[in-house]
1. If a residue has to be over 11 Å from residue 117 (Cα atoms) and in a strand (DSSP E or B) to count, how many in region 86-105 make the cut?
2. Tell me, yes or no, whether region 70-85 has at least one residue that is more than 18 Å from the chain's Cα centre (by Cα) and part of a strand (DSSP E or B).
3. List the pairs whose first member sits in region 27-40 and is over 19 Å from residue 56 (Cα atoms), whose second member is part of a loop (DSSP other than H, G, I, E, B) and at pLDDT below 70, and whose Cβ atoms are under 8 Å apart, counting only residues at least 6 apart or on separate chains?
4. Collect the residues in region 106-116 that are free of Cβ contacts under 8 Å to residues at least 24 places away in the same chain and within 20 Å of residue 73 (Cβ to Cβ), keeping them in residue-number order.
């Protein structure tokens, strides 16, 4: 293997990871892995075909059955200069009920910064197949000084006296700030390293 090939391999192996910042956003591991359940009445569906509803892309999903019941997840990744976050997910449920996706930011003292950014709407599962799932999405710039984000998934009933039936699946949170898979040297360091390898190549050829 030539030194130039090794150099190229090193450069490209320190690339960017584009994975979601959320843990278990697709609810495939176990419905509550990575999430905090903020209601004792939330029923977590773990497989396909629960109540004739199939997960988005026929996968596992989560079901909330209490008005105002919600799941939360927090993290400190994705921040940087000019960081913009995008939260998205798929929902379906009873035609009278609503889903809500919220994104909040906090400072070092755990104070919320600004108002939560929310999106959502009425869900309708009809015959319960994946093509009835609706994609919801929102984007927000992280306030200056923010060091933590929090995602909230909430169910809201549409008719008093009726139970709530709202489902969530394939929830993602991404940031435009590159998430590095391994520490990347500064450009100047990489250039010097490259010249060093080229010099070694020259010395090796002279000896031959």
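The values are calculated or read from the model by the stated rules, or taken from the named source; none is laboratory data. In this text the structure is predicted, and so the values were computed from the model without any measurement. Cβ coordinates were reconstructed from backbone atoms using ideal geometry, including for glycine residues, and neighbour counts include every protein chain displayed.
1. 8
2. no
3. Filtered contacts from region 27-40: 37/44.
4. 111, 112, 115
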